[in-house]
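Scroll down for the structure; my scribbles are underneath it.
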Amino acid sequence: MSLARLGLCVSGVYVMFLLWAIAQERLSVPFQSIDGQSSHKFKSALFIGTCQSFLSSLSALVYICIRGKPKSSVSSLLGLDVVTSPRTVERKANGSSHTKMFVNGHPQHSKVPTTSQCNRLLLGYLQCSLFITLAAPFGFAALSYITYPTMVLGKSCKLVPVMLMNFLLYRRRFAPHKYLVVAMVTAGISIFMFFGNEKPSKGSNGSQTQLPYEQLIGIAYLFVNLILDGAVNSTQDEIFSRYKVSGQQMMFWINAFCTATSLALGTLPLPYIPVLHPSSGAQSEFASAIAFVREHPSIVVPLVQFSLTGALGQLFIFETLQHFGSLTLVTITLTRKMFTMILSVVVYSHRLTLGQWLGAGIVFVGISVEAWVKRKDVYAKRVLEEKEKAKIKSL
């Protein structure tokens, strides 16, 4: 059953996010205006993120309602009964009693729960949503300075910030081979960047000129995006270790908070803030985004494709995260990024040098080492479990 679930998760992640990647790259290049006289880039990452997070929270809610147990309370369906479910008191024969708490329908013996536990759970969700809301604009802005294949390979370095943030925030340590994988991934990306000569699409005039320092700006934006992504994954791992919640319940709350946060930032008349709020003149960013959609209707199809596939893909992402952990998820998404890069080269006619293919190869060899060790560990654990079962039967 575990193997079948993993296969389903991998297939879902691959299909949804390959389609998602095509739409994402399309959103990063200029769109023709309705009069056909000019083309402009869409700059509102907040608007794109809001569309996706709204559909993601909606799809998670539908999934929860369909898969939830009949006659379950709202708090149980949404994973809040981890601290707020009713407690029953059982009387023993000697007159003593103890508290019995039900966690998502399962009886748990525990001390009297407090509402502060619920607040801490929601605060963890809010923390993830803030990291995601801040990370998206930096990833979107990086595409103005680096090509999409470069960003895809750079995102393959996500294992580094995940391990770093797990260590800094929660003092977790990792096996020695993971540091070897990180070194190979870092070396491969460095080679890929060094041998690259393709320039990104820069803006409304279609200029391909790029100053020497601009690629460094793109790398810096991507690095910030990766650090925030790493903080998201490590916080999600911490929530799963502390609370008995499902992946879809986490998906609902994080995306609901993302939607609320980005709506607030997008509708307030904020001044110009580089990357985070590109609209000028202290105006609402969403007003500018909607005006852009009206003037450039060709953006609607990739925007819907991006939001819908991202929402459906997250169902598989959180299912993987719940049952297999963030490092397994990162391994799956890294291999998916290899196919994403190849698909991007084919669909959008990118030209990679021999040195870039070498760098990409080193990255994916490192990823293969991680996958091979993971499989070996799982097999060893399975053999140990079978031996333990055999001992119990012989008793």
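Please sort 285-294, 22-31 by packing, taking for each peptide the average over its residues of neighbouring beta carbons within 10 angstrom, highest first. Spell out each step's value before the answer.
Values: 285-294: 16.6, 22-31: 20.4.
Peptide ranking by packing, descending: 22-31, 285-294.
Would you mind computing, in nm to one decimal, how far apart the modelled labels at residue 168 and residue 390 are, each placed 7 Å from Cα along Cα→Cβ?
If labels sit at residue 168 and residue 390, their model points lie 4.7 nm apart.
Name the shape class, rounded, prolate or oblate, that the alpha-carbon gyration tensor gives for region 240-314, where a ≥ b ≥ c are the square roots of its eigenvalues, rounded holds for a/c under 1.5, and otherwise prolate holds if a/b is larger than b/c and oblate otherwise. Please list the in-between numbers first.
On the way: a/c = 3.49, a/b = 1.56, b/c = 2.24.
Since a/c reaches 1.5 but b/c is at least a/b, the shape of region 240-314 is classed as oblate.
How would you rank 37-48, 246-257, 296-307, highest first, on the average number of other Cβ atoms within 10 Å across their residues? Mind showing how you got there, number by number?
Details: 37-48: 19.4, 246-257: 24.3, 296-307: 16.8.
Highest mean packing first, the order is 246-257, 37-48, 296-307.
Taking a ≥ b ≥ c as the square roots of the Cα gyration tensor eigenvalues, with a/c under 1.5 meaning rounded and otherwise prolate when a/b beats b/c, else oblate, which class fits region 233-276? Walk me through the intermediate numbers first.
Numbers: a/c = 4.74, a/b = 2.39, b/c = 1.98.
The shape class here is prolate.
Return the long-range amide H neighbours of residue 31 (sequence gap of 5 or more, or a different chain), with a cut-off of under 5 Å between placed amide H atoms.
When sequence neighbours closer than 5 places are left aside, the close amide H contacts are 40, 41, 42.
Rounded, prolate or oblate, given the Cα gyration tensor of region 212-336, with a/c below 1.5 counting as rounded?
Numbers: a/c = 1.83, a/b = 1.57, b/c = 1.16.
The shape class here is prolate.
For region 340-356, just list the computed ³J(HN,Hα) in residue order, Karplus coefficients 6.51, -1.76 and 1.60, θ = phi - 60°, integers in Hz, with x standing in for Gly and Pro.
4, 5, 5, 5, 5, 4, 6, 5, 10, 6, 6, 10, 9, 7, 4, x, 5
Read the figures in this text as sums done on the coordinates, not as results from a lab. Everything numeric here is computed off the predicted structure, so don't read it as measured data. Note that each Cβ is placed from the backbone with ideal geometry, even for glycine, and that neighbours are counted across all protein chains shown.
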